[in-house]
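Below is one structure, written out as structure tokens, with a few remarks after it.
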Amino acid sequence: MDTNRSIGPDGTTFDERRREPRRRALKGAVLSFNKGFGAMECVVRNQSENGALLAFGDTLAVPAFFDLTVNGAPVARTAQVRWRSRTTAGVEFV
């Protein structure tokens, strides 16, 4: 299996565009937004130093910027949504 290539939605393959590889994960996390008045739960599916793949029931209510607290992490990190599908979102830590 070629780990330096990704598969697009139409089945075509292309070179990996991430700056660093992500590690698989299965951790609970909480998004907080709206100055702490809004919150949502998600699952972190993979993670790197600069980003993560988050899984939701539906991404419709996920804001563009939020603070992400991963279970077991000492501090929250500010994240920006870089892409989203119906149930997943790729975020970059800012």
If one computes P(r) from the Cα atoms of segment 20-93, what percent of pairs lie at distances over 20 Å? 17
Please work out how much length the chain gains when fully extended from R82 to N50, using 0.36 nm per residue of separation minus the C-alpha to C-alpha distance, in nm with one decimal. 10.3 nm
Dipole magnitude of segment 20-93 about its Cα centre, charges +1 at Lys/Arg Cβ and -1 at Asp/Glu Cβ only, in debye to the nearest 20? 180
What list of ³J(HN,Hα) couplings, whole Hz, do you get for segment 33-44 from phi and the Karplus terms 6.51, -1.76, 1.60, once you set θ to phi - 60° and write x for glycine and proline? 8, 6, 6, x, 7, x, 8, 9, 9, 8, 10, 7
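Every number here is computed from the coordinates shown, using simple stated rules; none is lab data. Bear in mind that the values here come from a model prediction, so they are computed numbers and not experimental data. Ideal geometry is used to build each Cβ from the backbone, glycine not excepted, and the neighbour counts take in all protein chains shown.
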